[in-house]
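In what follows, a single structure is set out as structure tokens and then discussed.
The values are calculated or read from the model by the stated rules, or taken from the named source; none is laboratory data. What you are looking at is a predicted structure, and each value in this text was computed from that prediction instead of being measured. Here the Cβ positions follow ideal geometry from the backbone for every residue, glycine too, while neighbour counts run over all protein chains shown. Accessible surface is based on the protein model in full, side chains and every heavy atom, while ligands, DNA and RNA are left aside. Shrake-Rupley method; radii C 1.70, N 1.55, O 1.52, S 1.80 Å.
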Amino acid sequence: MTSKPLSKSSFQLGYALSGGTLRSAAHIGVIEVLHAHGIEADIVAGTSGGSLIGAMYANGLSPVWMSGIANRFPGIRLIDWSMPLLQALKILTLVPLHYLHIVKNPAHFIPFGLIKGKKFEQYVRTLLAVTPVRTPIPLVVATTDLLQNQTVIYHSRLSLPEDTNGLAQAGTWIPLDTADDQRLLASVIHASCALPGLFEPVAIGGRTLIDGGIRNYLPIDLLSVLGVKKVIAVDLHKTAIDDPIDMFPEVINRSFDIMLDQITLFRAKAYHPFIITPKIKHVNWTSFDKVLACIDAGREAALQALPAIKDYLKQ
């Protein structure tokens, strides 16, 4: 669906939706409550899982419908392993031979991620094809260029402001302004969700793209440089930071959380958004049975924050 591009003077309120793997379902609960109380955004920016929720919202889909589709999330059926089991076993048998200098390094046969992500991208494409019930609004999606070490920002239905300095500091901006770009948007969301090591990087337009959260986990600044006057941000990284550390993957996860905490704190102080932090415990990328619990956590957090949100919007 095409619509007239909007300039920065059009934006009174924007949503900034963070990443968070399956915890990103909490964004749906937050948006559902905000809409029920007449608080609707003019533009939405999303990173990683937040890019998918943001895209559905920006495409004009009902928050209630989004909650219903989350209840039918295919989960494990969307996982397409990049390496067959027999191939993985073969590579493992080559490891000791490599250290004996009998064969070359078997790591060259290992793909760049455990999951291809093509099934996920096809699923996203079906969601973007649903007929909207509201007028679509501009969308901003953050990805990370793995080779160029920069944020690549895709946007739809958006006329960029003339202040190119602020835009350039945020990253490289690429438009998605026609209906023909819906297929490309699915690839962009796939890239924004491509957690390094888990998903293979995504090649788009000569770029090698990975999870947008690596450089911009909570895209408050992207809305700020577009002149959005008020921003309601949903930050999900704090929902995992208090989880116990029992195994080495949790050491890696906690390290990422510490990094994200500092980056998010810096952006919050610089741009003064209203930040909602739903309380979600023990949910990772395989917790498919907890999607509805995440939505409920988003609803609860938004309801508790409503009085403060209304005061913030009056300022």
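So, counting K/R as plus one and D/E as minus one, what does the shell of residues with Cβ under 15 Å around residue 80 add up to?
That works out to +3.
Carbon and sulfur together cover what percent of the accessible area of the stretch 255-315 at a 1.4 Å probe radius?
Result for the stretch 255-315: 59 percent of the exposed heavy-atom area is carbon or sulfur.
What is the distance in Å between the Cα centres of the stretch 255-315 and the stretch 5-62?
The two parts, judged by their Cα centres, are 13 Å apart.
Each residue of the stretch 149-157 in turn: what ³J(HN,Hα) in whole Hz from Karplus with 6.51, -1.76, 1.60 and θ = phi - 60°, glycine and Pro shown as x?
After applying 6.51 cos²θ - 1.76 cosθ + 1.60, I find 6, 8, 7, 10, 10, 9, 9, 10, 6 Hz.
Quick check: residue separation of residue 135 and residue 183 times 0.36 nm, minus the Cα distance between them. What number comes out in nm?
My answer for the length gained is 15.3 nm.
Each label point is 7 Å from the Cα along the Cα-to-Cβ direction; what then is the distance between the points at residue 12 and residue 169, in nm?
2.8
Work out from phi, with θ = phi - 60° and the Karplus expression 6.51 cos²θ - 1.76 cosθ + 1.60, the ³J(HN,Hα) of each residue of the stretch 114-122, listed in order in whole Hz, and give x for Gly and Pro.
So the J values, rounded to whole Hz, are 6, 10, 5, x, 5, 5, 4, 5, 5.
Provide the FRET efficiency to the nearest 0.05 for the residue 160-residue 262 pair, computing r from the beta carbons and using R0 = 30 Å.
Efficiency for this residue pair is about 0.55.
Hey, can you grab everything whose amide H is under 5 Å from the amide H of residue 276? Only 5+ residues off in sequence or another chain; H modelled, so Pro and N-termini drop out.
HN-HN under 5 Å from residue 276: 233, 234, 235.
What accessible area per residue comes out for the stretch 11-73, rounded to a whole number of Å², with a 1.4 Å probe?
The answer is 23 Å² per residue.
Amide H of residue 176: which non-local residues (sequence gap of 5 or more, or other chain) have their own amide H closer than 5 Å, using H built in the peptide plane?
Residues meeting the criterion, in which the H sits 1.01 Å from N, are 155, 156, 157.
Would you mind telling me the share, in percent, of accessible area of the stretch 186-225 contributed by carbon and sulfur at probe 1.4 angstrom?
On the stretch 186-225, the fraction of accessible area on carbon and sulfur atoms equals 52 percent.
With label points built 7 Å along Cα→Cβ from the Cα atoms of residue 286 and residue 69, find their separation and express it in nm.
Computed distance between label sites residue 286 and residue 69 equals 2.7 nm.
Any of 281/314; 279/310; 229/269; 269/310 with alpha carbons more than 26 Å apart? Name them for me.
281/314
Could you list which residues have their amide H under 5 Å from that of residue 199, counting only those 5 or more apart in sequence or on another chain, with H placed in the peptide plane?
So residue 199 has HN proximity to 114, 115.
When Lys and Arg each count +1 and Asp and Glu each count -1, what net charge do the other residues less than 10 Å away from residue 33, Cβ to Cβ, add up to?
Summing Lys/Arg as +1 and Asp/Glu as -1 gives -1.
Read phi for every residue in the stretch 15-22 and hand back ³J(HN,Hα) as whole Hz from Karplus 6.51 cos²θ - 1.76 cosθ + 1.60, θ = phi - 60°, with x for Gly and Pro.
In residue order, the calculated couplings are 9, 10, 10, 7, x, x, 6, 5 Hz.
Leaving out ligands, DNA and RNA, what percent of the accessible area of the stretch 118-181 is carbon and sulfur, probe 1.4 Å?
The nonpolar share, carbon plus sulfur, comes to 50 percent.
Can you bin the stretch 124-169 into rounded, prolate or oblate? Criterion: square roots of the alpha carbon gyration tensor eigenvalues sorted a ≥ b ≥ c, rounded for a/c under 1.5, prolate for a/b above b/c, oblate for the rest.
oblate
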